[in-house]
Amino acid sequence: MLVENTAFEKHYRIGELAHMWGLGRETVRRLVKDDPGVIKIRMGRKKAHTVYSVPESAAARIHTRLLNGA
């Protein structure tokens with residue numbers, strides 16, 4: 001799915017995915033941070049203030065990859 005097509009999908013934040021998947025927030029952040037479908041919103045100059053918005057299709061792809069041990 002192209003990034004443009006994710007605009008109207010449900011989007012998740014790191015905390016929501018961590019809760020749904022039973023993982024820590026930092027673990028989920030590492031899983032999603034380099035995925036091409038994830039939107040990164042920088043809040044200020046520091047990387048510590050980056051908000052990740054994960055489209056449902058990207059979350060499903062990442063979770064499938066996690067389950068398959070890749």
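The values are calculated or read from the model by the stated rules, or taken from the named source; none is laboratory data. Predicted model only: the values in this text are computed from it and were never measured. Backbone-built Cβ (ideal geometry, glycine too); neighbour counts: all protein chains shown.
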I'd like to verify a number: residues in segment 42-57 that are at pLDDT 90 or above and either out of contact with any His (no Cβ under 9 Å at 6 or more places or on another chain) or of a type outside the set (A, V, I, L, M, F, W, C) (or both), how many? 6
Looking only at segment 15-29, which residues are assigned to a loop (DSSP other than H, G, I, E, B) and surrounded by 13 or more Cβ atoms within 10 Å (Cβ to Cβ)? Leu23
Within segment 30-56, can you find the residues that are on the phi < 0 side of the Ramachandran plot, loosely packed, with under 15 Cβ neighbours inside 10 Å and not in a strand (DSSP E or B)? Arg30, Lys33, Asp34, Pro36, Met43, Arg45, Lys46, Lys47, Ala48, His49, Glu56
Cross-chain or 6+ apart pairs with Cβ under 9 Å, segment 26-41 first and over 14 Å from His63 (Cα atoms), then surrounded by 12 or more Cβ atoms within 10 Å (Cβ to Cβ) and of a type in the set (Lys, Arg): Lys40/Lys33
Could you check Ile62 against (1) closer than 13 Å to Arg13 by Cα; (2) in contact with an Asp or Glu (Cβ under 7 Å, 6 or more places away or on another chain); (3) of a type in the set (Val, Ile, Thr) and say which number it fails? (1)
For segment 3-14 the number of residues that are surrounded by 11 or more Cβ atoms within 10 Å (Cβ to Cβ) and in a helix (DSSP H, G or I) is 4
Please work out if Thr64 is surrounded by 10 or more Cβ atoms within 10 Å (Cβ to Cβ) and in contact with a Pro (Cβ under 6 Å, 6 or more places away or on another chain). no
